[in-house]
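Here the structure is laid out as structure tokens; the discussion comes afterwards.
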Amino acid sequence: MLSGVASGVYSLGSAMARRSIDLAYAVDPSNPVIAGRFALSEVSNPIQGDRPTNFREVAARALEQDPTAVDAAVAIGLASQLNNQPAQTDEAFAYALRMSRRETRAHIWAIEQAAMRGDIRGALEHYDLALRTEENATDVLFPTLASAASEPLVRKELIRLFRSNPPWGQNFINVAAMSASNPKDIALLVEELRRAGTKIAYPADQLLATNLYNRGFRQDAWDYYTSRINRKPGTIRPFSQTRAYSTSFDWKLDEPTGILPTIIRSGDDYVLDVSKVPSSSGAVASQALRLAPGRYHLAGSFEAPQGSDRSAYRWEIACTDGQPFAMADLAEGQGTQAYRTAFTVPADCPQQTLTLTARQSSGFQAQNTSFASPTITRVGAGSN
């Protein structure tokens, strides 16, 4: 459950500056600390050529000179792993942990050992220590820990660990929410952590809703989104200037060539202001919806300068990854114009996307058109 990180042991050593340790060892090969670091650099970064291959002997000699040379012990442990010598590996890493609780590679070995014994709590204790002492350890340990969250027993022990408020905790939640391949399990973990009193900070909820959506768990994404954002099915989230991380269920602004959409304040509300040159076209703004099958009305208003071509814009509603099944061409006229159109959501279309699109129009100069937030209302039985 919590194993599988051994392959990342070697990458953690790659951060050592090879040139500086090479020079230091060339100047003072009898220094056990320098020799230990040199041996660790060699075993962590094996390359072809005329590099020396006796790094294990160098490490052993350094450890004889200075029993506290932890890098030398780790070098021996890594070399033993590469040579498939489990007894020597265990001895070297166990010794390194006795000498220093800050040695990340030894903690990774300890995680593997605890996982093989089924000791979840023990493995998580070493995760905690490694993540507290080595910033680069997150690249190796976070993905494995997120994957392990699929196991209820691991989630239980993680909740216990989070009561101590580990300094890496919120970063792990954000990374797992954004990129874990098992977002439904991460959603369970986040909700269990929240019930246990752990504060889930921004933008974890938005990242998790987006990850669920992008991995095809559209209903789960919507359920999670509405549980945190308090939006009812059948409604559209209005335009706003919130700096919060946006999900697919919020407005996404596109910028095709020649078109610049911006959300600006207008009185007590916000509007979408679109600057467009006549020859340009493309999607301007979109938002994912979850409308039940049935009849609806799409309504709203817009305002453009006198003489502009309102027919250059159209609202489209499409099933996700499909062709539009409803369209509303914006009528021409002067001043503020209102629109209202009826449409039907088919039974086989649980997920939809509302998109404002721009089309090529007549004229030569760029013009600005302002759109109020559109609304969608259910028609007939069961309407909102």
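Structural remarks
- Rolling a 1.4 Å probe over the protein heavy atoms leaves Ile34 with an accessible area of roughly 40 Å².
- Over the range 233-306, volume per residue of the alpha carbon convex hull, in Å³: 138
- Extending 7 Å from the Cα toward the beta-carbon at both Gln365 and Arg295 defines two label points whose distance is 4.5 nm.
- Stokes-Einstein D for the range 167-293, Kirkwood Rh over Cα pairs, 25 °C, 0.890 mPa s (µm²/s): 150
- Placed amide H near Phe325: partners under 5 Å, 5+ positions off or other chain: Ile317, Ala318, Cys319
- All-pairs alpha carbon distance profile, the range 196-264, 10 Å steps from 0, percent: 17, 45, 30, 7, 1, 0
- Percent accessible area from carbon and sulfur atoms, the range 186-292, protein chains only, probe 1.4 Å: 48
- Surface analysis of the range 74-232 yields an accessible area of 46 Å² per residue, using protein heavy atoms and a 1.4 Å probe.
- Here the range 178-234 is treated as an ellipsoid with the same Cα gyration tensor; its semi-axes, largest first and in whole Å, are 17, 15, 9.
- For the chain, a Kirkwood radius taken over Cα pairs fed into Stokes-Einstein (20 °C, viscosity 1.002 mPa s) yields D = 85 µm²/s.
- Ellipticity estimate at 222 nm from DSSP helix runs (n ≥ 4, -39,500 (n - 2.57)) divided over the chain, nearest 500: -13000 deg cm²/dmol
- For Val284, the amide hydrogen comes within under 5 Å of the amide hydrogens of Leu356, Thr357, Ala358, counting only partners 5 or more places away or on other chains and with H modelled in the peptide plane.
- Relative contact order [Cα under 8 Å, 6+ residues apart], the chain, whole percent: 11
- Backbone amide hydrogens, once placed in the peptide plane, bring Asp273 within less than 5 Å of Thr262, Ile263, Ile264, Phe371, excluding anything fewer than 5 places away on its chain.
- Dipole-positive endmost among Ser301, Ala39, Leu193 within the chain (Cβ charges, Cα centre): Ser301
- For the range 208-306, with +1 on Lys and Arg beta carbons and -1 on Asp and Glu, the positive-most of Ser240, Asn211, Pro278 along the dipole: Asn211
- Rounded to the nearest 20 debye, the dipole size of the chain about its Cα centre is 1060 debye, using +1 on the Cβ of Lys and Arg and -1 on the Cβ of Asp and Glu.
- Hydrodynamic estimate: the Kirkwood radius of the range 74-233 over Cα pairs, inserted into Stokes-Einstein at 4 °C and 1.567 mPa s, corresponds to D of 77 µm²/s.
- Part-to-part distance (alpha-carbon centres) for the range 75-106 and the range 260-308, which is given in Å: 62
- The chain: angle of helix 86-99 to the longest principal axis, Cα-based, in degrees nearest 10: 80
- Gaussian network model of the chain, springs between alpha carbon atoms under 10 Å - residue of Ile200, Ile108, Ile264 with greatest fluctuation: Ile264
- Applying the criteria of a DSSP loop state and at most 11 other Cβ atoms within 10 Å to the chymotrypsin sites (Phe, Trp or Tyr not before Pro) of the range 198-262 yields no site.
- Once the Cβ-Cβ distance of Glu255 and Leu82 is raised to the sixth power relative to R0 = 56 Å, the FRET efficiency obtained is 0.65.
- Taken one residue at a time, the phi angles of the range 149-158 give Karplus couplings (6.51, -1.76, 1.60, θ = phi - 60°) of 5, 5, 8, x, 5, 5, 4, 4, 6, 5 Hz. Gly and Pro are set to x.
- In the range 243-280, trypsin sites (Lys or Arg not before Pro) in a DSSP loop with at most 11 other beta-carbon atoms within 10 Å: Arg243
- Per-residue HN-Hα couplings for the range 296-304 [Karplus 6.51, -1.76, 1.60; θ = phi - 60°; Hz; x = Gly/Pro]: 9, 10, 9, 9, x, 8, 8, 9, 9
- For the range 169-174, Karplus couplings with θ = phi - 60° (6.51, -1.76, 1.60), whole Hz, Gly/Pro x: x, 5, 4, 4, 4, 5
The values are calculated or read from the model by the stated rules, or taken from the named source; none is laboratory data. Here the structure is a predicted model, which is why all the values come from computation and not from measurement. In this analysis, Cβ positions are derived from the backbone assuming ideal geometry, glycine residues included, and neighbour counts consider all displayed protein chains. The accessibility values were calculated without ligands, DNA or RNA, using every heavy atom of the protein model including side chains. Shrake-Rupley method; radii C 1.70, N 1.55, O 1.52, S 1.80 Å.
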